[in-house]
Amino acid sequence: MKINLLKSALTIFLLGLLSSYALAQNNLNAQFERMMASGFKAEGIAGLDRIHQDETQKFCSNPVFANSKQGAAKAIQIQKINLATISQPTDGKYIGDWRSGESIAQSGRGATWTDKADTVNGGGCYNCHEIDKKEISYGTIGPSLWNYGKARGYSQEVLIYTWNRINNSKAYNACSNMPRFGHFKLLTQQQIQDVMALLLDPQSPVNQ
Amino acid sequence: MGDPMRIRATETNGVVDVKILMKHDMESGQRKDAAGKLIPAWFITTVTVKAQGKDVFEADFGSAISKDPFLNFKYKGAKGDKLQVSWVDTRGDKRSDEATVS
Amino acid sequence: MKQQRRDVLKYTAVFGLMACAGLITSAQAEEWNKAAFEGKSLDEVFRALGTGTPEKSSTVVMNAPDIAENGAVVPVGISTTLKAQQMAILVEKNPSTLAAQFFIPAGTETFMTTRIKMAQTSNVYALVKADGKWTMAVKEIKVTLGGCGG
Amino acid sequence: MFKNLTFIFKTFFVLSSLFLMLSGHAQSTADEIARYREMIADGNPSELYEAAGEELWKKPSGPKNATLEKCNLGLGPGVIQGAAAQLPRYFSDTNKVQDLESRLITCMSSLQGISAQEIIDAPFQQGLKKDMDAIVAYVVTYSKGLKVQVGIKHPKEKEAYELGKKAFFFQGGPMDFACATCHGATGKRIRMQDLPNLTTQAGAAAGWGSWPAYRVSSGQFWTMGLRLNDCYRQQRFPFPIYGSELTTAVSMYMAVNANGGVIQTPGLKR
């Protein structure tokens, strides 16, 4: 009897704690939304729509959940959504000009509020990746892409995988740090073909 | 007229180590503004340093000296020496500041 | 007094400003060498400075990094065991080759450091004039691209 | 047969020496960049801004023709020594958590009668923001060598920290970037620049503790306000409002993570 009483008291207490926690969380979320809404203004090409998150961005903004067991199931779903957005090259060509690919990889320009709507975007690849070893100024957020094709071969399978990965990296890793270059039209089809060439043309310096 | 300089001068074993920072844009004449127009050259051309009224150093600058120029040199001197650093730029602006060797 | 006045006049002619007596009073201050600073090649600057063709010498030491993280600020220093009266820094691939020159009176150490702008990776020359003869040290400084490039 | 063997040996020799050259090269690149940074560390042009800031602090100006000498940065009116080390913090007069810059806006408007909105709207490096740069340079110099000491005792301080943390991980824009994309892991870099992991004490101490700083690439003194602004620009976000609750909260998150770290401001950056 006594134990039962204690049990229910404890249950009520825990529920109370939980609900006040949930309340606090809700409150924090509401506060956060208010803060974000009042914290930014549109400037140049960078409109306020940029802080309206899609499902992928929402999911990846909560790394604690994303890395949980429940999160793992959701991540697979997110990857499926992203895979479905990818289209293969309309002209059937995967490989363009590696020289032009190198300059796209070098450029980190585009899409900021100091850029114009007609600024030609770069891929910014060297910001995060080692690519041609001749460029000593490279980042390490992403893996080295030196000898990319030489190491993996030049099969159709590798071509399609790489094409997909550049177009929408989130199709393979829900919270990959890599931008979705095709999905958000950051690079044109031609530009992606050229970057593909940098990685997968046997003549490219990357594969020497 | 220009903004004040920062002059640090310390003596050890009869040698005074002088470090000078000057506030100046040092426009090379090669840069373009947001509208794509060339920004005209505007830079310090001559820096002279006197210790106790006597010339101890002169630097002549071209357009390739960095913004907010820095100079470091050493001369044979003593604590308490009065330093006078003066610069003049391509527009005829000038600035003169003093410091005491510590 | 007369001498001083003449000098003031001379500088007025060059810069159109040195009215402030006391700023540059003695005859020791050198005229800013316009021809040298406008030189577009090593040869043009050598000619304007009257250096002849300077020989490389291990007695001239250039203190500079092999790689600059940013071309806007590249520290360059020159020191030498020679009794130098004059020093100069030249950047081969800059739009104007001569970056700076320095006049070293007796009693001043033959040592200096400044910071220069470099448009791209280039050979940098440290020239020293001692006993009327010019010698030099040469070093390639690499300029890298930093930041996000945006 | 022998010829073949010699060939193999030669190839092996060439390849291994090539490998040695390459790895040696990578090592010397890092060393040389370190040497470059060491060389420019001597003579930080921030000092030029400090001098100008001291003048602005002590000179009567604004519609009220007053100085900033009574400005309370949290340690009492006029106390600059160590003040920046304990910011952001809660201020009862404004009932807000404020960082150095938003607090200075309060001082400039209440003491000197300068319009807060005018400071907020001024373009970076110009007009009232230029004054702000100099004043910030002056104030942070008085915390150099001290330890970051930012509390979350007040509920509003705790809340600002939690909100800042959420903002730090918030992804958006056409590149899906969050602060955490570049500053959420240890040992990474963009191009040649090492990225501090701001989620750890060591990383936050290195990052938070070395801004504001003189930036040699632009030849400008950058306050934390401009540092955050340019981060958001590179994140391809819209423009964060100067002195807003948002930028204060992000600062609070970094500062609390940095607690105990030694302050090296004003810093000198690439």
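Do we have D:Q149 as surrounded by fewer than 23 Cβ atoms within 10 Å (Cβ to Cβ), under 28 Å from D:G53 (Cα atoms) and touching a helix residue (DSSP H, G or I) at 6+ places or on another chain (Cβ under 7 Å) here? I'd like the intermediate steps shown before the answer.
Numbers: surrounded by fewer than 23 Cβ atoms within 10 Å (Cβ to Cβ): yes; under 28 Å from D:G53 (Cα atoms): yes; touching a helix residue (DSSP H, G or I) at 6+ places or on another chain (Cβ under 7 Å): yes.
The answer is yes for D:Q149.
Starting from the range C:59-72, keep only residues that are more than 9 Å from chain D (Cβ to nearest Cβ) and open to solvent by 30 Å² or more (accessible area, probe 1.4 Å), then list their pairs with residues that are of a type in the set (V, I, T) and not in a loop (DSSP other than H, G, I, E, B) whose Cβ atoms are within a distance under 6 Å, requiring at least 6 positions of separation or different chains.
C:T59/C:T80
What residue, among those in the range D:113-133 that are open to solvent by 20 Å² or more (accessible area, probe 1.4 Å), in a helix (DSSP H, G or I) and not hydrophobic (A, V, I, L, M, F, W, C), is farthest from D:Y49 (Cα to Cα)?
So the residue we want is D:Q117.
Could you pull out every one of the strands (runs of 3 or more DSSP E) wholly within the range C:90-150 that has 2 or more residues that are in contact with a helix residue (DSSP H, G or I) (Cβ under 9 Å, 6 or more places away or on another chain) and in contact (Cβ under 8 Å) with a residue 60 or more places away in the chain?
Working: elements: C:98-103, C:108-116, C:122-130, C:133-143.
Because the criterion is at least 2 residues that are in contact with a helix residue (DSSP H, G or I) (Cβ under 9 Å, 6 or more places away or on another chain) and in contact (Cβ under 8 Å) with a residue 60 or more places away in the chain, the strands (runs of 3 or more DSSP E) in the range C:90-150 that meet it are C:98-103, C:122-130, C:133-143.
Among (1) among the hydroxyl-bearing types (S, T, Y); (2) part of a loop (DSSP other than H, G, I, E, B); (3) modelled with pLDDT of 95 or more, which single condition is A:S137 missing?
Every listed condition holds for A:S137 apart from (3).
Given the options A:I76, A:I3, name the one that is modelled with pLDDT of 75 or more and either hydrophobic (A, V, I, L, M, F, W, C) or more than 30 Å from A:F181 (Cα to Cα) (or both). Break it down stepwise before answering.
Values: A:I3 fails: modelled with pLDDT of 75 or more.
Sole residue among the options that is modelled with pLDDT of 75 or more and either hydrophobic (A, V, I, L, M, F, W, C) or more than 30 Å from A:F181 (Cα to Cα) (or both): A:I76.
Select from the range B:71-102 the residues that are in a strand (DSSP E or B) and among the small types (G, A, S) and write down the one among them that is farthest from the other protein chains (Cβ to nearest Cβ). Steps first, answer last, please.
Initial filter on the range B:71-102 (in a strand (DSSP E or B)): B:71-76, B:82-89, B:94-100.
Now drop any that are not among the small types (G, A, S), which leaves B:86, B:96, B:99.
Working: B:S86: 5, B:S96: 6, B:A99: 12 Å.
Ranking the candidates gives B:A99 first.
Yes/no matrix, rows are residues, columns are (1) under 14 Å from the mean Cα position of the chain (by Cα); (2) open to solvent by 70 Å² or more (accessible area, probe 1.4 Å); (3) small (G, A, S):
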position	(1), (2), (3)
A:Q31	no, no, no
A:M35	no, no, no
A:F40	no, no, no
A:A46	no, no, yes
A:D49	no, yes, no
A:H52	no, yes, no
A:Q79	yes, no, no
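How many residues are more than 27 Å from B:I44 (Cα to Cα) and surrounded by 11 or more Cβ atoms within 10 Å (Cβ to Cβ) when one looks only at the range C:37-53?
Total meeting the criteria: 0.
Pairs, please: C-beta under 8 Å, at least 6 apart or cross-chain, first residue more than 7 Å from every other protein chain (Cβ to nearest Cβ) and more than 16 Å from D:A204 (Cα to Cα) and in the range D:168-194, second aromatic (F, W, Y) and crowded, with 22+ Cβ neighbours inside 10 Å?
As it stands, the answer is D:F177/D:F237, since those pairs meet every condition given.
Out of (1) within 7 Å of another protein chain (Cβ to nearest Cβ); (2) under 18 Å from the mean Cα position of the chain (by Cα); (3) aromatic (F, W, Y), what's the single condition that is false for D:Y142?
(1)
Of the numbered conditions (1) within 13 Å of chain B (Cβ to nearest Cβ); (2) assigned to a loop (DSSP other than H, G, I, E, B); (3) touching a residue at least 60 places away in the same chain (Cβ under 8 Å), C:A36 satisfies every one except a single condition; which is it?
(2)
Among the numbered criteria (1) open to solvent by less than 10 Å² (accessible area, probe 1.4 Å); (2) touching a Phe, Trp or Tyr at 6+ places or on another chain (Cβ under 6 Å); (3) in a loop (DSSP other than H, G, I, E, B), which single criterion is violated by B:D68?
(2)
Against the condition open to solvent by 20 Å² or more (accessible area, probe 1.4 Å) and within 21 Å of D:M192 (Cα to Cα), how does A:I136 come out, does it pass?
Details: open to solvent by 20 Å² or more (accessible area, probe 1.4 Å): yes; within 21 Å of D:M192 (Cα to Cα): yes.
Criteria met by A:I136.
Can you name the residue in the range D:33-46 that is crowded, with 22+ Cβ neighbours inside 10 Å and in a helix (DSSP H, G or I) and is also modelled with the lowest pLDDT among such residues?
Once the filter is applied, the top-ranked residue is D:I33.
Sort through C:T110, C:T80 and tell me the only one that's in the same structural domain as C:L42 (by TED's automatic domain parsing) and open to solvent by 20 Å² or more (accessible area, probe 1.4 Å). Talk me through it step by step, then tell me what you get.
Working: C:T80 fails: open to solvent by 20 Å² or more (accessible area, probe 1.4 Å).
Testing whether each residue is in the same structural domain as C:L42 (by TED's automatic domain parsing) and open to solvent by 20 Å² or more (accessible area, probe 1.4 Å) leaves just C:T110.
So which residues in the range B:1-52 are under 15 Å from D:P45 (Cβ atoms), assigned to a loop (DSSP other than H, G, I, E, B) and open to solvent by 50 Å² or more (accessible area, probe 1.4 Å), if there are any at all? Working first, answer last.
Of the range B:1-52, the ones under 15 Å from D:P45 (Cβ atoms) are B:2-8, B:19-26, B:44.
Then keep just the ones that are assigned to a loop (DSSP other than H, G, I, E, B); that gives B:2-5, B:22-26.
Of everything in the range B:1-52, those that are under 15 Å from D:P45 (Cβ atoms), assigned to a loop (DSSP other than H, G, I, E, B) and open to solvent by 50 Å² or more (accessible area, probe 1.4 Å) turn out to be B:D3, B:D25.
Filter the range D:209-221 down to residues that are within 14 Å of chain B (Cβ to nearest Cβ) and open to solvent by less than 20 Å² (accessible area, probe 1.4 Å), then give me how many there are.
Keep residues of the range D:209-221 that are within 14 Å of chain B (Cβ to nearest Cβ), which gives D:213-221.
Now narrow it down to the ones that are open to solvent by less than 20 Å² (accessible area, probe 1.4 Å): D:213-214, D:216, D:219, D:221.
Here the count works out to 5.
If you check D:A255, D:A206, which single one turns out to be under 13 Å from the mean Cα position of the chain (by Cα) and open to solvent by 30 Å² or more (accessible area, probe 1.4 Å)? Working first, answer last.
Values: D:A255 fails: open to solvent by 30 Å² or more (accessible area, probe 1.4 Å).
Just a single option satisfies the conditions, and that option is D:A206.
So for the range D:134-146 (the condition being aromatic (F, W, Y) and either part of a loop (DSSP other than H, G, I, E, B) or open to solvent by 50 Å² or more (accessible area, probe 1.4 Å) (or both)), does at least one residue qualify?
The first filter runs over the range D:134-146 and keeps only residues aromatic (F, W, Y), leaving D:138, D:142.
The next check asks that each one be either part of a loop (DSSP other than H, G, I, E, B) or open to solvent by 50 Å² or more (accessible area, probe 1.4 Å) (or both); those that pass are D:142.
Within the range D:134-146 (the criterion being aromatic (F, W, Y) and either part of a loop (DSSP other than H, G, I, E, B) or open to solvent by 50 Å² or more (accessible area, probe 1.4 Å) (or both)), the answer is yes, since at least one residue qualifies.
Hey, can you tell me all the residues within the range A:95-125 that are more than 11 Å from every other protein chain (Cβ to nearest Cβ) and either in a helix (DSSP H, G or I) or open to solvent by less than 30 Å² (accessible area, probe 1.4 Å) (or both)?
Scanning the range A:95-125 gives A:G96, A:W98, A:R99, A:S100, A:G101, A:E102, A:S103, A:I104.
Here's the yes/no breakdown for (1) under 21 Å from the mean Cα position of the chain (by Cα); (2) among the charged types (D, E, K, R):
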site: D:R89; (1), (2): yes, yes
site: D:L104; (1), (2): yes, no
site: D:Q117; (1), (2): no, no
site: D:V136; (1), (2): yes, no
site: D:G187; (1), (2): yes, no
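The values are calculated or read from the model by the stated rules, or taken from the named source; none is laboratory data. For clarity, every value in this text was computed on a predicted model and none was experimentally measured. No Cβ is skipped: glycine too gets one built from the backbone with ideal geometry, and neighbour counts run over all protein chains shown. Heads up: the accessible areas ignore ligands, DNA and RNA and are worked out on the full protein's heavy atoms, side chains in. Shrake-Rupley method; radii C 1.70, N 1.55, O 1.52, S 1.80 Å.
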